[in-house]
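Notes follow the structure.
No value in this document is a laboratory result; all are computed from the given coordinates. All values reported here derive from a predicted model rather than from experimental measurement. Ideal geometry is used to build each Cβ from the backbone, glycine not excepted, and the neighbour counts take in all protein chains shown.
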Amino acid sequence: MRKITFFTLSTCPACKKVKKFLDDNRVSYSLIEVDSLDSSEQWAAIKELSKHNPQVSYPTVVIEDVVIGNDIDSLKAKLQ
């Protein structure tokens, strides 16, 4: 099974769209809702996110070593 990590913000409309797509397609993933974490956890999550996406933009989906933002078509292609 592929490791999928989803970095998101609770207030981000594009993040909600990607989350809905993943949930509707029953994709198993680890969710990191950065703005819902406490300060030290936020810092650790942002540090981890920056390893994959130096711009630290949201949403960021990491599928193994491939980074996808809010491009649903790219996400579909990678999940097939």
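Structure values in brief
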read-out	value
Every residue from the range 9-42 that is of a type in the set (S, T, N, Q) and either touching a Ser or Thr at 6+ places or on another chain (Cβ under 9 Å) or not in a loop (DSSP other than H, G, I, E, B) (or both)	10, 30, 36, 39, 40, 42
Hits in the range 32-47 (condition: of a type outside the set (S, T, N, Q) and touching a residue at least 12 places away in the same chain (Cβ under 8 Å))	32, 33, 34, 35, 45, 46
Every pair of residues 6+ apart whose Cβ atoms lie under 8 Å, when the first sits in the range 52-80 and is of a type in the set (Phe, Trp, Tyr) while the second is assigned to a strand (DSSP E or B)	58/7; 58/8
Candidate set: the range 17-46, residues that are over 11 Å from the mean Cα position of the chain (by Cα) and aromatic (Phe, Trp, Tyr); chosen: the one surrounded by the fewest Cβ atoms within 10 Å (Cβ to Cβ)	43
Qualifying positions in the range 52-80 - assigned to a loop (DSSP other than H, G, I, E, B), polar (S, T, N, Q) and within 22 Å of residue 36 (Cβ to Cβ)	53, 55, 57, 70
Residue 79 being surrounded by 15 or more Cβ atoms within 10 Å (Cβ to Cβ) and more than 9 Å from the chain's Cα centre (by Cα)	yes
